[in-house]
Amino acid sequence: MAVEPKIRLDHVSKVYPGTDTPAVSELTLDIDPGEILVLVGPSGCGKSTTLRLINRMIEPTGGRIYLDGDDVTDVNPDQLRRRIGYVIQQIGLFPHQTIAENVATVPKMLKWEKKKISARVDELLDMVGLDPRVYGGRYPKELSGGQAQRVGVARALGADPSIMLMDEPFGAIDPITRESLQNEFLRLQDELRKTIVFVTHDIDEAIKMGDRIAILGKQSVVHQADTPERILAYPVDDFVRSFIGAGTAMKGLAFERVGDLDLAPFDGPNGNGESGAEPTGTITADATLYEALEEMLRTADGKTIVLDDSGEPAGVVELSHLSDALRTAQDEARRHYDELEAAS
Amino acid sequence: MSESVAPVITKRRADQDDAAKAAVVSVTSTTRLWRRFSLLLAPVLIVALALVLWFYYQSLGVGTTAQIQVSSALDWDTKLRPQLTQHLTIAFWSTLLVIAIAVPLGVLLTRSGVRKIGPAVLTVANSGQALPAYGLLIIFLALLGQGARTVIVALVVYAILPVLRNTMVGLDSVDRSTLEAGRGMGMTRLQTLLRIELPLAVPVIVAGIRTAMIINIGMATLAFLIGGGGLGITINSGLKLNQDPVLLVGAIMVALVALTFDWLGALAERFLHPRGL
C-alpha cells in the first residue's frame with residue numbers, strides 16, 4: 001500500500017474573486033497510478049472545477065497539487081498540460097484541421113520528428129478504432145458525435161501522457177454509442193493503464209467506469225471515496241445513499257461472478273430438489289450475479305443452472321446465494337469502515 | 001432480446017444520419033456551385049463593361065473630332081491615367097492602413113482583460129462612419145491641409161469600423177470549446193490565437209476588409225474636393241461642363257475599379273476560407 005500516489009491534491013481550494021463561498025474547499029485526494037478515479041456529484045458541486053484545478057485550467061487559490069511527488073502548483077501551466085491528456089464533453093476538435101492534424105497537436109508542440117508524428121497519429125487512430133487511411137484526411141464536420149469523441153480521446157493520448165483528465169467525455173453522446181465507447185475505453189485502459197480522473201454526474205457511468213469513486217457534495221467535499229462495490233454495499237451517509245439512489249443492491253450484484261460462489265449441487269435433469277420445480281434457466285460461470293438474477297426473474301424460477309466451459313451443468317445458483325453475497329459484501333464494507341474509524 | 005433489438009435501432013439511426021447528411025451535402029453543394037458561378041460571372045461582366053467603355057471612348061473621337069473640352073477632360077495620358085493611379089493609390093494605402101490598425105486592435109480588444117472596453121472602442125469607430133464622408137473630409141482638410149494624404153487619413157477613420165467589428169466578431173464567434181481544448185493541451189495564448197482563433201476568424205475578417213476596400217474605392221471619388229485627385233475629377237468635370245460623355249466615362253471607370261476589386265475580394269474570401277468549415 002506504500003505506492004506513491006500519481007496525483008495528490010493537498011487541501012486544494014478555489015475561491016472565485018467576488019465570492020465568499022469557495023467553489024472547492026480544502027479538497028484532499030490521492031489518485032493511485034493506473035486507476036480510474038471518478039468524481040461524481042450533483043451539478044454545481046464543483047467536480048468539473050476540481051478536475052480543471054489538476055491541470056490548472058483553473059488556478060487554485062489554496063493548497064498544493066503534486067504529480068509523481070513533484071509540487072506542480074507553481075510550474076508553467078502550458079508545460080504541465082502537455083504532460084496531461086484532457087478530454088471534454090464538447091470535444092473541441094479544431095474544425096479547420098484534418099483529423100490527423102488534430103491528433104498531431106501535442107506531438108507537434110513538443111517538436112517531434114515528422115515521421116514519428118505520422119506514425120503516432122496512425123497508431124492512435126487505429127487504437128480508437130478509426131482507420132487512419134479513411135479518416136486521417138477528413139475534417140471534424142464529416143464525423144458523427146461518437147467518431148468525433150474517439151478522435152478527442154486519440155488527440156488527448158497524443159504524446160502518451162501518463163495522466164488523463166476526462167470531463168463528462170461521453171455525456172453528449174447517444175446512449176447506444178455511449179455504451180460502446182465506454183466499453184472500448186475500458187478495454188483500451190486495460191492495455192494503457194493510464195491514471196485517469198473522470199468526471200460525470202451519472203452514478204451508473206461512475207459505477208461502470210470507476211476503479212474508485214469519489215462522491216462529492218457542495219464545494220467538492222468528499223462524502224465517500226471508495227470502490228464502487230463498497231460504496232454500493234455501505235453508503236456512509238444519507239447524501240451518498242440518496243445520490244446513488246434506488247437499486248443499490250441490484251447494482252451491487254453486477255460486481256460478483258457466479259463462478260466465485262459456492263454453488264448448490266446440480267441433481268440431474270429430472271431428479272429435482274425439495275422445491276419440486278426444475279430450474280429452467282441457464283447461465284455460464286463467468287456471468288455476474290446480476291445476470292443470474294435476471295435469468296431467475298425471466299424464468300420466474302428461484303434458481304438457475306450454471307454451465308461450465310464445456311456446457312455441462314456445474315451447479316445451481318439460488319436466490320439465497322444472492323442475498324448471502326450481498327450480506328457478505330455489506331459485512332466486509334462495514335468491517336472495513338469500522339477498522340478505518342478505529343485506526344483514526 | 002436486447003441483442004436483437006439494438007442493431008435494428010442502430011441501423012435506423014445510421015440511415016437517418018445518412019439521409020440528414022445527404023440533405024446537408026446537397027444544400028451546401030448548390031450554394032457552393034452558385035458561389036463558384038458568381039465568381040466566374042463577375043469577371044465576364046467586368047470585361048464586357050470594359051469593352052463597352054472602350055468602344056464608347058473610341059467613338060467619342062478624343063483628340064480628333066470631339067469638342068475641345070471633351071478631348072481635354074478625357075485625355076488618357078494627362079487626365080484619365082494619372083487620375084486612375086491616384087484613385088488606386090488612395091484606396092490602396094487607406095485600406096492597407098485600415099488593416100494594419102483595425103486587425104491588431106480587434107485582436108487586442110478581444111483578449112481577456114481589455115475585453116470590457118471593446119464596446120466603447122466600437123462606439124468611437126462607429127461615430128467615424130456615422131459622420132457624413134464629406135464632412136469628415138472637410139474636418140481633416142482643416143486639420144491637415146490639402147492633398148491625397150489628408151484623404152487617406154479621413155478614409156482610414158471612415159472605413160476602420162467594418163474591419164474592427166468583423167475582427168472582433170470573428171474572433172468572438174470561435175467556438176469556446178476549441179479554445180478550451182487547445183489550452184487544455186498546453187497551447188500558449190499566442191498559439192491558440194495564431195493556430196485556432198485567427199484561422200477560424202479569417203472568413204469574417206476578410207469580409208470586413210472587402211467592405212472597407214469598397215468603401216475606400218467609392219470614397220476616393222470625393223478626394224478631388226480637397227485636392228487629392230482621383231477619378232472624381234473627371235466626373236466633376238462632366239457635371240460642370242454639362243458634358244454627358246465625360247460624366248459617363250468617369251462614372252464607368254469608377255464602377256469598373258470597384259467591381260474589379262470587389263471580385264478580387266471575393267476571390268480572396270474564397271481562397272482564404274479554411275478547409276473543413
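The values are calculated or read from the model by the stated rules, or taken from the named source; none is laboratory data. On a predicted model such as this, the values are computed, not experimentally measured, just so you know. Using ideal geometry, Cβ is built from the backbone for each residue, glycine included, and neighbour counts are taken over all protein chains shown. Side chains included, ligands, DNA and RNA excluded: accessible areas come from the protein's heavy atoms. Shrake-Rupley method; radii C 1.70, N 1.55, O 1.52, S 1.80 Å.
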Selection from the stretch B:176-215 of residues that are at the interface with another protein chain (Cβ under 7 Å from one of its Cβ atoms) and closer than 30 Å to residue B:127 by Cα:
B:199, B:200
Of the numbered conditions (1) within 13 Å of chain B (Cβ to nearest Cβ); (2) of a type in the set (A, V, I, L, M, F, W, C); (3) open to solvent by less than 50 Å² (accessible area, probe 1.4 Å), residue A:75 fails exactly one; give the number of that condition.
(3)
The one condition in (1) more than 30 Å from residue A:159 (Cα to Cα); (2) touching a Leu at 6+ places or on another chain (Cβ under 8 Å); (3) open to solvent by less than 40 Å² (accessible area, probe 1.4 Å); (4) of a type outside the set (D, E, K, R) that residue B:200 fails to fulfil
(1)
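Looking only at helices (runs of 4 or more DSSP H) that fall completely inside the stretch A:80-179, which ones have 3 or more residues that are open to solvent by less than 30 Å² (accessible area, probe 1.4 Å)?
Result: A:99-103, A:105-109, A:114-127, A:145-156.
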Could you say whether any residue in the stretch B:113-121 is assigned to a loop (DSSP other than H, G, I, E, B), surrounded by fewer than 16 Cβ atoms within 10 Å (Cβ to Cβ) and under 20 Å from the mean Cα position of the chain (by Cα)?
no
Just to be sure, is residue B:96 on the phi < 0 side of the Ramachandran plot, in contact (Cβ under 8 Å) with a residue 12 or more places away in the chain and not aromatic (Phe, Trp, Tyr)?
no
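Every residue, every condition in (1) within 14 Å of chain A (Cβ to nearest Cβ); (2) in contact (Cβ under 8 Å) with a residue 60 or more places away in the chain; (3) assigned to a helix (DSSP H, G or I), yes or no:
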| site | (1), (2), (3) |
| --- | --- |
| B:228 | no, yes, no |
| B:235 | no, no, yes |
| B:240 | no, no, yes |
| B:253 | no, yes, yes |
| B:256 | no, yes, yes |
| B:259 | no, yes, yes |
| B:269 | no, yes, yes |
| B:274 | yes, yes, no |
Need pairs with beta-carbon distance below 8 Å; first residue closer than 12 Å to residue A:96 by Cα and within 11 Å of chain B (Cβ to nearest Cβ) and within the stretch A:136-148, second at pLDDT 95 or above and in a helix (DSSP H, G or I); sequence gap 6+ or separate chains.
A:137/A:99; A:137/A:100; A:138/A:99; A:139/A:99; A:140/A:99; A:140/A:102; A:140/A:148; A:140/A:151
Conditions (1) among the small types (Gly, Ala, Ser); (2) within 14 Å of chain A (Cβ to nearest Cβ); (3) in contact (Cβ under 8 Å) with a residue 60 or more places away in the chain: number failed by residue B:159:
(2)
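Name the residue, out of A:301, A:331, A:338, that is surrounded by 14 or more Cβ atoms within 10 Å (Cβ to Cβ), outside the structural domain of residue A:234 (by TED's automatic domain parsing) and farther than 13 Å from residue A:264 by Cα.
A:301
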Scope the stretch A:23-47; condition crowded, with 17+ Cβ neighbours inside 10 Å, in contact with a Phe, Trp or Tyr (Cβ under 8 Å, 6 or more places away or on another chain) and assigned to a loop (DSSP other than H, G, I, E, B); matching residues:
A:23, A:41
Quick check on this structure: which one of A:7, A:91 is at the interface with another protein chain (Cβ under 9 Å from one of its Cβ atoms) and closer than 23 Å to residue B:182 by Cβ?
A:91
Which condition number in (1) within 17 Å of residue A:194 (Cβ to Cβ); (2) within 13 Å of another protein chain (Cβ to nearest Cβ) is the one that residue A:162 fails?
(2)
Looking at the stretch B:269-276, is at least one residue of a type in the set (A, V, I, L, M, F, W, C) and either modelled with pLDDT of 95 or more or touching a strand residue (DSSP E or B) at 6+ places or on another chain (Cβ under 9 Å) (or both)?
no
If we ask which residues in the stretch A:193-216 are under 19 Å from residue A:42 (Cβ atoms) and in a loop (DSSP other than H, G, I, E, B), their number turns out to be 3
Residues that are buried (at least 16 other Cβ atoms within 10 Å of the Cβ) and not aliphatic (A, V, I, L, M), drawn from the stretch A:63-72:
A:63, A:66
If you go through the stretch A:308-336 one residue at a time, how many are part of a strand (DSSP E or B) and under 16 Å from residue A:289 (Cβ atoms)?
5
Could you check, for the stretch A:102-115, whether at least one of its residues is on the phi > 0 side of the Ramachandran plot, more than 10 Å from chain B (Cβ to nearest Cβ) and out of contact with any helix residue (DSSP H, G or I) (no Cβ under 9 Å at 6 or more places or on another chain)?
yes
Scanning the stretch A:28-42 for residues that are touching a Lys or Arg at 6+ places or on another chain (Cβ under 7 Å) and farther than 20 Å from residue A:232 by Cβ gives A:30, A:31, A:32, A:33, A:34
Check whether at least one residue in the stretch A:237-256 is crowded, with 17+ Cβ neighbours inside 10 Å and part of a strand (DSSP E or B), and report yes or no.
no
Please specify each residue of the stretch A:58-80 satisfying the condition of being under 24 Å from residue A:200 (Cα atoms) and in contact with a helix residue (DSSP H, G or I) (Cβ under 6 Å, 6 or more places away or on another chain).
A:58, A:60
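Each row is one residue, and each column tells you yes or no for (1) open to solvent by 60 Å² or more (accessible area, probe 1.4 Å); (2) outside any helix (DSSP H, G or I); (3) under 17 Å from residue B:170 (Cα atoms); (4) touching a helix residue (DSSP H, G or I) at 6+ places or on another chain (Cβ under 6 Å).
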position	(1), (2), (3), (4)
B:84	no, no, no, no
B:96	yes, no, no, no
B:102	no, no, yes, yes
B:108	yes, no, yes, no
B:123	yes, no, no, no
